[in-house]
Each structure stands twice: as C-alpha cells, then as structure tokens.
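The values are calculated or read from the model by the stated rules, or taken from the named source; none is laboratory data. For clarity, every value in this text was computed on a predicted model and none was experimentally measured. Neighbour counts are summed over all protein chains in view; Cβ atoms, including those assigned to glycine, are modelled from backbone coordinates with ideal geometry.
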2 protein chains.
Amino acid sequence: MRKTFDAELQELNAEMIDMAAAAEDVIDAVTQSLTSADHDAAKGAVEMTKHMDQMERDIENRCLRLLLQQQPVARDLRTISAALKMVTDLQRIGDQCANIAELSGLLGNPGSSQAMKDIRTMSQKAGIMVKRSIFAYANRDTSSAREVVDLDDEVDRLFQAVKHELVELIVNNRGEADQAIDLIIIAKYLERIADHAVNIAQWAIYCVTGELAG
Amino acid sequence: MRKTFDAELQELNAEMIDMAAAAEDVIDAVTQSLTSADHDAAKGAVEMTKHMDQMERDIENRCLRLLLQQQPVARDLRTISAALKMVTDLQRIGDQCANIAELSGLLGNPGSSQAMKDIRTMSQKAGIMVKRSIFAYANRDTSSAREVVDLDDEVDRLFQAVKHELVELIVNNRGEADQAIDLIIIAKYLERIADHAVNIAQWAIYCVTGELAG
C-alpha cells in the first residue's frame with residue numbers, strides 16, 4: 001500500500017532529526033578529541049561522518065522521490081526543498097568535523113591555554129547551534145532559528161579572540177607556532193560549522209515564512 | 001527509444017569531464033583572485049561553484065538510475081560507482097574554492113612575498129592535479145593517476161613552506177598577522193583541494209584495476 005504523503009513527510013522529519021543528532025554526536029566527539037588529546041575520539045568522529053554521508057544520500061533520495069511523485073505545493077514544497085538544502089549543510093558540518101578530527105589527532109597535549117578554552121567554547125556553541133537550528137525546522141519555530149543567528153555572532157567573536165591569542169603565542173613562543181597554526185585552522189573550521197547552522201536556521205525560517213534571509 | 005547502456009556511459013564520461021573542467025575554471029578564477037586582489041574573480045568563483053552543485057546532482061542522478069535500471073557488473077559497475085564517489089570530491093573542490101574566494105575577496109594587495117608566490121604555485125599545481133586525475137579516469141590511464149599522487153607531495157611541501165614563511169612574517173611584523181593567518185587558511189584549503197584530486201586519481205586507478213589504494 002502506498003504511504004500517505006503526510007506519513008512520508010513525518011518520516012522525512014524523523015530522518016532530518018536523526019541526521020542532526022548524528023551531527024551533534026560528531027561535534028561532541030570532536031570537542032572530546034580537543035579536550036584531552038583523545039585520539040580514539042578523533043578516529044571515532046571520522047567514522048561517524050561516513051555514516052552521515054549515507055544519511056545525506058537517503059534523505060536526498062526521499063526528497064527527490066517526494067518532489068517527483070507528489071508534486072507538492074506551498075508549505076509542503078518548502079518543507080521538502082528546505083530539507084534538500086539542509087542535508088547539504090549537515091553533511092558539510094560532518095566534513096568540517098572530520099577535518100578537525102584529522103588535525104586534533106595530531107595535537108600534543110592540548111593544555112589549558114585561553115585559546116584552547118575558547119576553542120572548546122566555540123565547539124560547544126556550534127553544537128548548540130546545530131541542535132537548535134534543526135529544532136527550529138522540526139517545530140516550525142522561528143524564534144529558535146533567530147537565536148541561532150545571535151549565537152553565530154558569539155562564535156565569530158570567539159574566533160577573532162582565538163586568532164589574537166594564538167598570534168600572541170606565535171610571537172612569544174616560536175617553538176609552538178606549528179601547534180598554534182593547527183589550532184587556528186581548527187577554530188576556522190568551527191566557525192564554518194556555525195555558518196552552516198545559520199544556513200539551516202535560515203531554511204527553517206523559510207519553511208514557515210516562505211522568505212529566505214541572508 | 002531507450003538509450004543504449006554504452007551511450008549512457010559515454011554521456012556520464014562527458015558529464016564528468018565537464019564537471020572537472022568547471023573545477024579547473026573555478027581554481028583558475030581563485031588563482032586569479034589571489035594574484036591581483038581581483039574581487040570580481042573572487043565573486044565569479046563563488047557563482048561558478050553553485051553551478052557545480054547542480055552538476056553534482058545531475059551526475060549522481062544519472063549514476064543512481066544506471067545502477068538501478070541496468071544492474072551493471074565488473075568494469076561498468078566500477079566506472080559508475082567511481083563516478084558517484086568522484087563527483088563528491090569535485091564538489092568539495094568547488095566548496096574549498098568558494099572558501100578561498102571568500103577570504104581572498106577580503107585580502108588587501110596580495111603583494112609578491114615568497115609566501116604569496118608559493119600559494120600561487122600551490123594553486124596552479126592543484127589545478128593541474130584535478131585536470132590530470134579526471135584525464136586518468138576518462139582515459140583509463142593509471143600512469144597519469146600516479147603522477148597526481150606525486151604532485152601531491154609537492155603541494156604538501158609547499159604548504160609546509162608557506163606556514164613557515166608566514167610564521168616568520170607574524171613574528172617580524174605583527175601588524176600583518178591577520179592577513180598572514182588568512183593566507184595560511186587559504187593554503188590549507190589548497191592542500192585539501194590537492195587531497196581531493198588524489199582521491200579522484202585513486203578512483204581512476206580503481207576503475208582499471210578494481211583495487212582501491214590509500
């Protein structure tokens with residue numbers, strides 16, 4: 001028996017939430033790998049992103065099938081086309097996490113410098129942004145979506161602070177330059193993760209209002 | 001009338017070559033934006049990567065359709081599954097170019113420092129790697145594929161040199177630290193583009209030998 005369109009949309013919702021949960025898990029693993037030079041966490045993060053590639057493909061296929069077979073209009077069309085765009089952002093988040101894990105696997109003792117603390121805070125905030133942006137989509141909650149945009153400003157400020165702190169470190173302690181550069185690149189990836197969360201939040205707003213910001 | 005399977009494979013080949021050409025064009029635009037602080041080239045690069053997103057989707061759809069309808073075996077199966085993986089790498093190359101363009105659009109006069117020269121060389125080599133890796137796939141030429149792997153070593157060496165040169169710059173001229181950090185991140189993106197070209201080359205080898213290296 002053919003599933004009803006509503007049931008299909010509910011399944012799509014569930015798949016999106018699953019993929020967002022996977023993105024949160026991988027951000028957690030990456031945060032863990034930054035906290036304690038935990039190389040297993042770094043390896044685990046890379047494995048988790050491979051699973052996200054498959055999730056992306058499954059969701060894309062469902063969306064394309066729904067678009068073709070059901071020719072949805074108005075809000076349903078927005079829901080499906082937004083999902084199609086958002087999975088790309090979720091998948092890119094996975095990519096950035098894999099990139100971070102690759103670098104964090106090479107770090108020595110990450111220590112407890114201010115830069116390291118700020119990087120961990122960036123990582124936590126980025127995780128919250130991803131969670132909240134998908135919550136906004138799943139619950140048609142535009143105020144959560146707007147919170148994500150505000151959080152992005154905090155992440156951007158932290159990125160500037162991290163850069164500044166690490167430039168200080170390079171100037172004062174040349175021997176730590178290599179590690180400092182790796183940390184700057186990690187912070188840049190975290191900043192990109194936050195940007196992807198903002199994209200997701202903007203698609204969530206689009207689902208409700210039909211208007212695409214940004 | 002239904003197209004023959006061989007005709008479909010030839011079209012797939014042509015689409016892959018087109019997408020590789022698009023990747024080369026966007027790398028050229030990015031190289032241009034690095035050479036002369038050409039902000040139009042940077043903007044153009046971002047636009048070009050959007051077109052690559054659509055190409056990726058079209059090729060993926062063709063591959064999935066061929067896999068489902070034709071149930072290919074042996075070499076044909078390898079050709080199609082390799083294409084499915086390679087488009088992801090081509091698309092990621094587009095992504096990295098967009099990231100570079102975003103940063104290079106913010107650069108002041110890029111100047112003619114050794115680091116800038118090395119970054120341009122990285123960019124040119126990365127472009128050659130992408131071209132050669134797709135040539136290897138399209139012509140089943142494993143020796144071209146292996147050249148790509150060798151070129152990657154050169155790009156990695158240049159990346160280390162760029163980091164070293166820019167750390168020097170930061171230490172000696174604190175006022176240029178921000179631009180130096182942006183250039184290090186750009187060099188990191190170029191290094192990732194070269195990595196994706198290596199992935200493509202390895203898929204090209206897989207098409208011929210059935211063995212996946214790396």
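Restricting attention to region A:65-77, does a residue exist that is within 20 Å of B:Leu64 (Cα to Cα), at pLDDT 90 or above and surrounded by 21 or more Cβ atoms within 10 Å (Cβ to Cβ)?
There is no residue in region A:65-77 that is within 20 Å of B:Leu64 (Cα to Cα), at pLDDT 90 or above and surrounded by 21 or more Cβ atoms within 10 Å (Cβ to Cβ).
Of A:Lys3, A:Lys43, which residue is over 16 Å from the mean Cα position of the chain (by Cα) and more than 20 Å from A:Gln91 (Cα to Cα)?
A:Lys3
Given the options B:Ile128, B:Ile181, name the one that is within 14 Å of chain A (Cβ to nearest Cβ) and out of contact with any strand residue (DSSP E or B) (no Cβ under 7 Å at 6 or more places or on another chain).
B:Ile181
Does A:Ser143 meet the test of being out of contact with any helix residue (DSSP H, G or I) (no Cβ under 6 Å at 6 or more places or on another chain), small (Gly, Ala, Ser) and either crowded, with 19+ Cβ neighbours inside 10 Å or modelled with pLDDT of 90 or more (or both)?
yes
So, in region A:190-212, of the ones that are closer than 26 Å to A:Ile27 by Cα and among the polar types (S, T, N, Q), which residue ends up nearest to the other protein chains (Cβ to nearest Cβ)?
Top of the filtered list is A:Asn199.
Quick one: would you say A:Glu168 is farther than 29 Å from A:Thr79 by Cα and of a type outside the set (Gly, Ala, Ser)?
yes
Can A:Leu68 be described as of a type outside the set (Gly, Ala, Ser) and within 14 Å of chain B (Cβ to nearest Cβ)?
Against the criterion (of a type outside the set (Gly, Ala, Ser) and within 14 Å of chain B (Cβ to nearest Cβ)), A:Leu68 qualifies.
For A:Glu176, state whether it is surrounded by fewer than 19 Cβ atoms within 10 Å (Cβ to Cβ) and within 14 Å of chain B (Cβ to nearest Cβ).
Spelling it out, A:Glu176 is indeed surrounded by fewer than 19 Cβ atoms within 10 Å (Cβ to Cβ) and within 14 Å of chain B (Cβ to nearest Cβ).
Which of (1) within 22 Å of B:Asp95 (Cβ to Cβ); (2) more than 11 Å from chain A (Cβ to nearest Cβ); (3) touching a Ser or Thr at 6+ places or on another chain (Cβ under 7 Å) does B:Val155 not meet, given it meets every other one?
Among (1) within 22 Å of B:Asp95 (Cβ to Cβ); (2) more than 11 Å from chain A (Cβ to nearest Cβ); (3) touching a Ser or Thr at 6+ places or on another chain (Cβ under 7 Å), the lone unmet condition for B:Val155 is (3).
Go over the candidates A:Ala187, A:Ala161 one by one and state the one that is modelled with pLDDT of 95 or more, surrounded by fewer than 19 Cβ atoms within 10 Å (Cβ to Cβ) and within 14 Å of chain B (Cβ to nearest Cβ).
A:Ala161
Please verify whether region B:53-63 includes one or more residues that are crowded, with 18+ Cβ neighbours inside 10 Å and touching a residue at least 60 places away in the same chain (Cβ under 8 Å).
No, region B:53-63 has no match at all.
For B:Val148, all conditions in the list (1) over 13 Å from the mean Cα position of the chain (by Cα); (2) over 20 Å from A:Asn99 (Cβ atoms); (3) hydrophobic (A, V, I, L, M, F, W, C) hold save one; what is the number of the exception?
So B:Val148 meets the others, but not (1).
Of the conditions (1) buried (at least 19 other Cβ atoms within 10 Å of the Cβ); (2) under 19 Å from B:Ile185 (Cβ atoms), B:Arg120 clears all except one; give me its number.
(1)
Residue under question is B:Ile100, and the condition is that it be away from chain A (no Cβ under 14 Å) and surrounded by 15 or more Cβ atoms within 10 Å (Cβ to Cβ); does it hold?
no
Determine which member of the set A:Ala23, A:Ala83, A:Ala45 is over 21 Å from A:Phe135 (Cα atoms) and either in a helix (DSSP H, G or I) or among the aliphatic types (A, V, I, L, M) (or both).
Going through A:Ala23, A:Ala83, A:Ala45 in turn, the sole match is A:Ala45.
Within region A:71-90, count every residue that is more than 29 Å from A:Ala126 (Cβ to Cβ) and either within 14 Å of another protein chain (Cβ to nearest Cβ) or free of Cβ contacts under 8 Å to residues at least 40 places away in the same chain (or both).
Of the residues in that region, 4 qualify.
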